[in-house]
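Since the structure comes first, as structure tokens, the remarks are kept for the end.
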């Protein structure tokens, strides 16, 4: 039976003991390794989650919604079906929309999404994925003028049109008889939407494009209930086709998930290296403490209790490294923009001038371009967002704890080979 108080007492003494051997440096290296590993994984996962949110949120909020309902009988009973779906407690909004593939001004292709003119009332969350600080977004003000169209910012630049200009449209049916007037620009910081999308009202689509076949986009209060809601609605409306967001964007989300998992595995190799270091360190420590282990055995300590001492020491090392790694990782993640600014400042004010001075004898006109991390001019982002999920932090911490504590467990197996009588006889 394990004597927990005895095990903890001896493990703490060994852990705090100041040794003249390289044991202290080895333990410190293990703690630093775990700290760096956990911190790196937390920061990388946080930044990756932030970047993925910049893609996923606009796609779900603007493009695919959480569920899409279509079918030949939808147009005939649109309002009745819409009212029935609204009664579902998991549904937050039901948005009718239509899509038209068109070529603007005879040279730039785009997808025109027709939505209700009062979209901000039909779906208040629709505007959340738009940059509302420096740009406009689809709302009733933009659709107040007949034949209004709001273009993606990048699309408007490519067309070279300004607010108030008109654009001609070619569809599969031929050229539209009416031009549309640009009432504003929108920006989501998702390049596909900003470069190839435009919005018009449903009334404009019906009048100009003779579009009367609609699709219903459904927003859920919890997007993770999409499959459950799909099954419920499919029983109510078996004649309609219902597609959840997971299926609609399957290839993209699968690629993002695979990218995240591979990054987790690659960086997680740090823990294997650290675990091996702990294994070798404790293995040497067991050899160095042969005499003390023999005395403990002679005094009645069981091999299980002695093994637990070294396992707990490895656990202490893991716990300290994980705690420090979580602290540093969360701090950097919450201040990631400031962190990158510090890196830029150090690089541009200290490192680059020193490097230019060092290389000036070889090239007196040498100029090194200043460092600009994640510039909006290079990357299509307006800010660096970091989102650390509890599940990610828990998995990272658990993996670090299991790998390092497991290394201590295997290293402690050498204790069973120690024979107190043989060692103490010659000491």
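Since every read-out is calculated from the coordinates, none of them should be taken as a lab result. Small disclaimer: the values here were computed from a predicted structure and weren't measured. Quick reminder, even Gly has a Cβ in these numbers, built from the backbone with ideal geometry, and neighbours come from all protein chains shown.
Miscellaneous remarks
- Per-residue extension of 0.36 nm, minus the Cα-Cα distance of residue 105 and residue 247, leaves a gain of 47.7 nm for this segment.
- Working ranking of peptides 333-344, 49-60, 28-39 by packing, defined as the average number of other Cβ atoms within 10 Å per residue, highest first, is 28-39, 49-60, 333-344.
- Simple label model, 7 Å out from Cα along Cβ direction - residue 360 to residue 276, nm: 4.6
- Length-normalised contact order of region 72-239 in % [C-alpha pairs under 8 Å, at least 6 apart]: 31
- Which of 237, 130 has the fewest Cβ neighbours within 10 Å, and the rest in rising order: 237, 130
- Alpha-carbon centroids, region 204-249 and region 312-354: separation in whole Å: 45
- Debye intensity ratio in log₁₀ form over the Cα atoms of region 72-239, taken at each q of 0.08, 0.19 Å⁻¹: -0.26, -1.22
- Cβ-to-Cβ counts within 10 Å put 365, 66 in ascending order as 365, 66, the fewest first.
- Cβ crowding within 10 Å, taken as a proxy for footprinting-reagent exposure, orders 226, 212, 131, 392 from fewest neighbours to most as 212, 131, 392, 226.
- Rough spin-label spacing in nm, given labels placed 7 Å along Cα→Cβ, for residue 132 and residue 385: 1.4
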